[in-house]
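Okay, so here's the structure we're looking at.
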Amino acid sequence: MDKDTVPKHIAFIMDGNGRWAKARHMPRKYGHKNGVDAMKRVIGACARMGIEIISIYAFSTENWTRPQDEIDELFNLVKRFADKELAQYASDNYRVRFMGDLSALPQDVQNSLDKITAAVKYNSGPIINIGLNYGARDEIVRAVNSLIDGGAKAVSASDLAAKLDTRDMCDPDVIVRSAGEKRLSNFMLWQAAYSEFIFIDDYWPDFTEETVERIVREYNGRERRYGGLKKA
Ligand code: IPE
Ligand code: IPE
Ligand code: MG
């Protein structure tokens, strides 16, 4: 695929791990485990196509309302993914970023994420941006409080954007959600202002390189007008 035709920033709202497992009469954690494998396939496909920023919504500020054993399982997977896959991406020159309030995560997970953040410090490759305890309302409130702490009395849109967790990234060109759900669930509310939305019926663990190609083709058929007029 031509580098000019791929989005610069693609964001994924992973959904349907539980339903994927249920359809196989398996526990939800089996769906999450296969969801991690799908993440690897999707990140690999995006990077091979030349997409520069890959955002993934992995755990929302609302996901704390799930049963504690599911939360524990999800953070076990996050820690394992950080220690193995993210460490490998780090040595392959990827940049890895996290968005969300990481201070609420289990301490051993925070330690693993800190190690990755240190390891990618001088990297210059594609950005993998993972939302953990991420909620867009929380992100905006943290940004506003940070501006207030800095003595701000009035702020501009760019002042606020500069305090968001995505401060060094462009807005997502396209936001993809799996499993047929058509909502943002508190994901990138500010950054989504002009994003294209693509909804895929497949459950997240079924995503493959071919799914990513399908998404990019669909994105290429969209006309982005940003409030202007259709090109003649
Ligand atoms: C997505 O799959 C993973 C997370 C939100 C952490 P779900 O766990 O939401 O799967 P469904 O929606 O119950 O099928
Ligand atoms: C959205 O999925 C959150 C993440 C992908 C981390 P959910 O499954 O939590 O969203 P809702 O509850 O269906 O809106
Ligand atoms: Mg869900």
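The values are calculated or read from the model by the stated rules, or taken from the named source; none is laboratory data. Note that this is a predicted model, so its numbers are computed, not measured. Neighbour counts run over all protein chains shown; Cβ positions are idealised from the backbone, glycine included. We work out accessible area using only protein heavy atoms, side chains counted, and drop any ligands, DNA or RNA first. Shrake-Rupley method; radii C 1.70, N 1.55, O 1.52, S 1.80 Å.
Given a 1.4 angstrom probe, what's the average accessible area per residue across segment 1-62, in square angstrom?
Numbers: 2700 Å² over 62 residues.
Heavy-atom accessible area per residue stands at 44 Å².
Using a 1.4 Å probe, how large is the accessible area of residue 146, given in Å² and rounded to the nearest 10?
40 Å²
Counting only protein heavy atoms and a 1.4 Å probe, tell me what percentage of the chain's accessible area is made up of carbon and sulfur.
Numbers: 6000 of 11880 Å².
Ligands and nucleic acids excluded, carbon and sulfur give 50 percent.
Enumerate by residue number the trypsin sites (Lys or Arg not before Pro) in segment 123-163 meeting two conditions: DSSP loop (anything except H, G, I, E, B), and at most 10 other Cβ atoms within 10 Å of the site's Cβ.
Taking segment 123-163 and a limit of 10 other Cβ atoms within 10 Å, the loop trypsin sites (Lys or Arg not before Pro) found are 153.
Rounded to whole Å, give me the distance from the Cα center of segment 31-74 to that of segment 104-172.
Using only Cα atoms, the two centres lie 18 Å from each other.
Set the Förster distance to 30 Å, then compute FRET efficiency between residue 25 and residue 137 from the Cβ-Cβ distance, nearest 0.05. Walk me through the numbers before you get to the answer.
On the way: r = 37 Å, r/R0 = 1.22.
Efficiency, from the Cβ-Cβ distance: 0.25.
If amide hydrogens are placed 1.01 Å from N in the peptide plane, which non-local residues have theirs closer than 5 Å to the one on residue 174?
Here the answer is 9, 11, 196, since their amide H atoms fall under 5 Å of that of residue 174.
When a/c reaches 1.5 or more, the comparison of a/b and b/c decides; with that in mind, is segment 22-132 rounded, prolate or oblate per its Cα gyration tensor?
On the way: a/c = 2.05, a/b = 1.36, b/c = 1.51.
Note, shape of segment 22-132 comes out oblate.
Could you report the accessible area of residue 155 in Å², rounded to 10, computed with a 1.4 Å probe on the protein chains as they sit in the structure?
80 Å²
Between residue 72 and residue 108, what length comes free when the chain is fully extended (0.36 nm per residue of separation minus the Cα-Cα distance, one decimal in nm)? Don't skip to the end; give the middle numbers.
Details: separation 36, 0.36 × 36 = 12.96 nm, distance 1.19 nm.
Extra length available between residue 72 and residue 108 comes to 11.8 nm.
Could you pull out the longest piece of the chain with no exposed loop GluC sites (Glu not before Pro) in it, calling a site exposed if DSSP puts it outside H, G, I, E, B and it has at most 16 other Cβ atoms within 10 Å? Mind showing how you got there, number by number?
Working: sites that count: 62, 181, 223.
Excluding the exposed sites themselves, the longest stretch runs over 63-180.
Could you check the spin-label model distance between residue 170 and residue 192? Points 7 Å from the Cα along Cα→Cβ, value in nm.
2.1 nm
Cα gyration tensor of segment 146-232, axes a ≥ b ≥ c as square roots of the eigenvalues: rounded (a/c below 1.5), prolate (a/b > b/c) or oblate?
Working: a/c = 2.91, a/b = 1.66, b/c = 1.76.
Cα axes put segment 146-232 in the oblate bin.
Write down the radius of gyration of segment 67-155 and its Dmax, each obtained from C-alpha positions, in Å.
In order Rg, Dmax, the Cα atoms of segment 67-155 give 15.2, 45 Å.
Got a sec? Which residues in segment 27-56 would a label at residue 208 touch, if it sits 7 Å along Cα→Cβ and we count backbone N under 18 Å?
34-49
For a 25 Å ceiling on Cα separation, which of these pairs sit above it: 8/230; 8/121; 8/231; 40/79; 84/182?
Numbers: 8/230 22 Å; 8/121 21 Å; 8/231 21 Å; 40/79 15 Å; 84/182 32 Å.
Result: 84/182 exceed 25 Å.
Which of rounded, prolate, oblate describes the chain, given a ≥ b ≥ c as roots of the alpha-carbon gyration tensor eigenvalues and a/c under 1.5 marking rounded, otherwise prolate only if a/b is larger than b/c? Mind showing how you got there, number by number?
Details: a/c = 1.39, a/b = 1.06, b/c = 1.31.
Rounded, since a/c falls under 1.5.
Given a 1.4 Å probe and heavy atoms of the protein chains only, how would you sort 122, 57, 203, largest accessible area at the top? It would help to have the intermediate numbers written out before the result.
Numbers: 122 195, 57 15, 203 70 Å².
Reading off the accessible areas and sorting them downward yields 122, 203, 57.
Not counting ligands, DNA or RNA, and with a 1.4 Å probe, what is residue 168's accessible surface area in Å² rounded to the nearest 10?
Accessible area, nearest 10 Å²: 90 Å².
Could you order 211, 5, 65, 117 so the one with the most accessible surface comes first? Probe is 1.4 Å. Don't jump to the answer; show the numbers that get you there.
Values: 211 5, 5 50, 65 125, 117 70 Å².
The residues order as 65, 117, 5, 211, largest area first.
Taking all protein chains together and a probe of 1.4 Å, list 229, 164, 147 from the most accessible to the least accessible.
Details: 229 160, 164 0, 147 25 Å².
Result of the area sort, largest leading: 229, 147, 164.
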